[in-house]
Amino acid sequence: MIKDDVMKELYPFIFRRKSTRKYTGPVGEKELNMVSASLKELEPLLSSEVELKIVGRDDVRTGMQRPAPHYIAAFADGDEGKMNAGFMLQQMDLKLSSMGIGSCWQGIPSPGGHLKSELEFVIFLAFGEAGEPVHRSRSEFRRKPLSEITDITGMDDVLEAVRLAPSAVNNQPWYLKGGDGEIHVYCRIPGPIKRRLVGRWNPIDMGITLAHLQISLQHHGYRTGFRVLEDPMELKNFRYTGTFSYMEL
Ligand SMILES: Cc1cc2nc3c(=O)[nH]c(=O)nc-3n(C[C@H](O)[C@H](O)[C@H](O)COP(=O)(O)O)c2cc1C
């Protein structure tokens, strides 16, 4: 469970957040300290280790991407680690949005050779003083309709938060089944081209959307628990990710 006060603060920004790619400069020292303190408060989904470091633009090989003033570099091992990193850093993405700070997930840049960890590099979350609006209205989100990401009925309010989650190249690979106290989450198995293009980010996307699902379930008054079932129902063209159980408080 995410702490109630944190969840209340983050929930509204699910419906307002927007990736920022234009920055005017670094954030102030007070804000940077707040970001650093928030990193230590992020709730994990799973027990696998995730290391998060705030670094500067000189620590990052940005390639074709326009550089950002700051980055949070995430290190973790395997798909489980990636999913956990996605779950944790999405809380940070929403927190930055709530602070009026611009942010953007960035999978294309790579860490400079001196940025070391025992764990594998997974992803960056870029942030800084934004040179463009960091918020938008609900109608400005470009996303699949709810009917393409779930067949669960009667929970549209809860699941809208999942629908609006960000993903690599806006791929939205998730599908949800269940209802009646359990939501089973699946990830679309990419074809060969998509696998090469975005396959490595799928577990991060799943962690991101699970963060939105958990925050939304809590907001709607449910106590939640996450587990990976040993014998889940199979779904053609999808890989099972995990199951949230939920109960009214
Ligand atoms: C795992 C992941 C990797 C991403 N990598 C990049 C990237 O390298 N460069 C970039 O500009 N945006 C990147 N994005 C941002 C997505 O393009 C963006 O979240 C998506 O198009 C939805 O737009 P929104 O965040 O404004 O809602 C990435 C997002 C995710 C989740």
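How high is the relative contact order of the stretch 19-162, given as a whole-number percent (alpha carbon pairs under 8 Å, six or more residues apart)? Could the numbers behind the result be given before it?
Values: 217 pairs, mean separation 45.6, N = 144.
Taking the mean separation of contacting Cα pairs over the length of the stretch 19-162, I get 32 percent.
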Next item on the list: Name the long-range amide H neighbours of THR20: under 5 Å, sequence gap of 5 or more, or other chain; modelled H, no Pro or chain starts.
Entry: SER103, CYS104
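Compute the semi-axes of the equivalent ellipsoid of the stretch 17-130, taking the square root of 5 times each eigenvalue of the Cα gyration tensor, and list them largest first in whole Å.
Values: eigenvalues 84, 57, 30 Å².
After diagonalising the Cα gyration tensor, the semi-axes are 20, 17, 12 Å.
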Next item on the list: Scan around THR150 for amide H atoms under 5 Å from its own, H built in the peptide plane at 1.01 Å from N, and keep only partners 5 or more places away or cross-chain.
Entry: LEU176
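Taking the Cβ of each residue in TYR11, TYR71 as the centre, tally the other Cβ atoms inside 10 Å and list the residues starting with the fewest. The partial results should precede the final answer.
Details: TYR11 19, TYR71 27.
Least to most surrounded, the residues fall as TYR11, TYR71.
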Next item on the list: Step through the residues of the stretch 104-119 one at a time and calculate ³J(HN,Hα) from phi using the Karplus curve (6.51 cos²θ - 1.76 cosθ + 1.60, θ = phi - 60°), rounding each to whole Hz and writing x for Gly and Pro.
Entry: 7, 4, 9, x, 6, x, 10, x, x, x, 7, 7, 10, 8, 5, 9
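Using alpha-carbon pairs under 8 Å, 6+ residues apart, how would you state the relative contact order of the chain in percent?
On the way: 460 pairs, mean separation 57.6, N = 249.
Normalised by residue count, the contact order of the chain is 23 percent.
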Next item on the list: State the three equivalent ellipsoid semi-axes of the chain, derived from the C-alpha gyration tensor as the square roots of 5 times its eigenvalues, in descending order and whole Å.
Entry: 28, 20, 17
Next item on the list: Provide Rg over Rh for the stretch 164-249; use the alpha carbon set for both Rg and the Kirkwood Rh (inverse mean inverse pair distance).
Entry: 0.99
Checklist line | Amide H within-cut-off set for GLU43, under 5 Å, with H built and near neighbours excluded | finding: none
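Values in this text are rule-based calculations from the coordinates and carry no lab data. Treat the numbers as computed from the prediction; the structure is a model and nothing was measured. Every residue, glycine among them, receives a Cβ derived from its backbone with ideal geometry; neighbour counts consider all protein chains shown.
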